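Q: Got a structure for you, written out below as C-alpha cells; questions coming shortly.
The values are calculated or read from the model by the stated rules, or taken from the named source; none is laboratory data. This structure is a prediction, so every number in the text was calculated from the model and none was measured. Positions of Cβ are generated from backbone atoms using ideal geometry, with glycine treated the same way; all protein chains shown enter the neighbour counts. Each accessible area value is taken on the protein alone, full model and side chains, heavy atoms only, with ligands, DNA and RNA left out. Shrake-Rupley method; radii C 1.70, N 1.55, O 1.52, S 1.80 Å.
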Amino acid sequence: MNITSSIILIASDIEEILRQLLSSLPKHFTKVIKNEDDNKKEFLQMHSRQAIKEAYLASNKTKYIILCGSTFRIEAQNTLLKVLEEPPKNKYFILITESKSSILPTIKSRLPITVLHDNKNREIFKLDIDNLNLTKVYKFVQENNRLSSIEC
C-alpha cells in the first residue's frame with residue numbers, strides 16, 4: 001500500500017490492514033497508536049494526545065502515525081482536529097476504523113477516505129427489492145419477526 005498523504009481507511013479487519021501497512025512502511029518511522037485493551041477497541045482522548053506528541057517530534061524523514069480503533073471517541077477526534085488539518089512537516093496520519101460513521105464529518109471533509117472491501121461471502125437478501133410490494137414486505141416481516149438483534 002502506497003501512502004502519500006494522510007488518509008482514513010475503512011476496513012472490517014483492522015488488525016489485518018495494520019499488518020499489511022506495517023510490512024510496507026519504514027519500521028523506524030512508523031508509530032501505531034491504538035487501545036491495547038482487547039475488550040475495548042475504542043480510540044480515546046489519551047491516544048489523541050499521544051498522537052499529537054508523536055507528530056511534533058522533530059524528524060527530517062517522513063513519519064507515519066497510524067491511529068486504530070473500531071470507534072473513535074468524539075472528544076478524541078476534536079483533540080486531533082487541528083493537527084490533522086495542519087499536520088507538521090513530513091507527518092502523515094493514517095486512521096483505520098470499521099465504519100465511516102465513527103469519524104466526525106469535520107475530519108472526513110479534511111482527509112480522503114478509502115474503503116477496503118473484504119472478500120467475505122455475504123448472505124443473499126431474501127426480499128426481492130426490484131419487485132417490492134406491501135404483500136411481500138409483510139410476508140418478509142412475518143417470517144423474520146423472531147430474529148434477535150445479533151441475527152439481524
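Q: When the residues of region 88-112 are filtered to those that are open to solvent by 60 Å² or more (accessible area, probe 1.4 Å) and in contact with a Lys or Arg (Cβ under 8 Å, 6 or more places away or on another chain), which remaining residue is farthest from GLU75 (Cα to Cα)?
A: Of everything passing the filter in region 88-112, TYR92 is farthest from GLU75 (Cα to Cα).
Q: Let me ask something else about it. Identify all residues within region 44-72 that are among the hydroxyl-bearing types (Ser, Thr, Tyr) and either at pLDDT 95 or above or within 16 Å of SER6 (Cβ to Cβ) (or both); write none if there are none.
A: SER48, TYR56, SER59, THR62, TYR64
Q: Listed residues GLU54, GLU75; which is out of contact with any helix residue (DSSP H, G or I) (no Cβ under 7 Å at 6 or more places or on another chain), outside any loop (DSSP other than H, G, I, E, B) and of a type in the set (Asp, Glu)?
A: GLU54
Q: Let me ask something else about it. Quick one: in region 1-25, of everything that is in a helix (DSSP H, G or I) and among the polar types (S, T, N, Q), which residue is surrounded by the most Cβ atoms within 10 Å (Cβ to Cβ)?
A: In this case the residue turns out to be GLN20.
Q: For residues that are of a type in the set (Ser, Thr, Tyr) and open to solvent by 90 Å² or more (accessible area, probe 1.4 Å), tally how many sit in region 46-86.
A: 1
Q: Given the criterion in contact with a strand residue (DSSP E or B) (Cβ under 8 Å, 6 or more places away or on another chain) and not aliphatic (A, V, I, L, M), identify the matching residue among THR114, THR106, THR79.
A: From the options THR114, THR106, THR79, the qualifying one is THR114.
Q: Taking only pairs six or more apart or across chains, which ones have beta-carbon atoms under 9 Å, a first residue in region 17-35 that is under 15 Å from ILE65 (Cβ atoms), and a second residue that is at pLDDT 95 or above and open to solvent by 50 Å² or more (accessible area, probe 1.4 Å)?
A: Sorted first by the residue in region 17-35, then by its partner, the pairs are LYS31/GLN50; ILE33/GLN50.
Q: Sort out which residues of region 26-47 are out of contact with any Ser or Thr (no Cβ under 9 Å at 6 or more places or on another chain), closer than 20 Å to LYS91 by Cβ and either small (Gly, Ala, Ser) or in a loop (DSSP other than H, G, I, E, B) (or both), and write them in order of number.
A: Correct list: LYS34 only.
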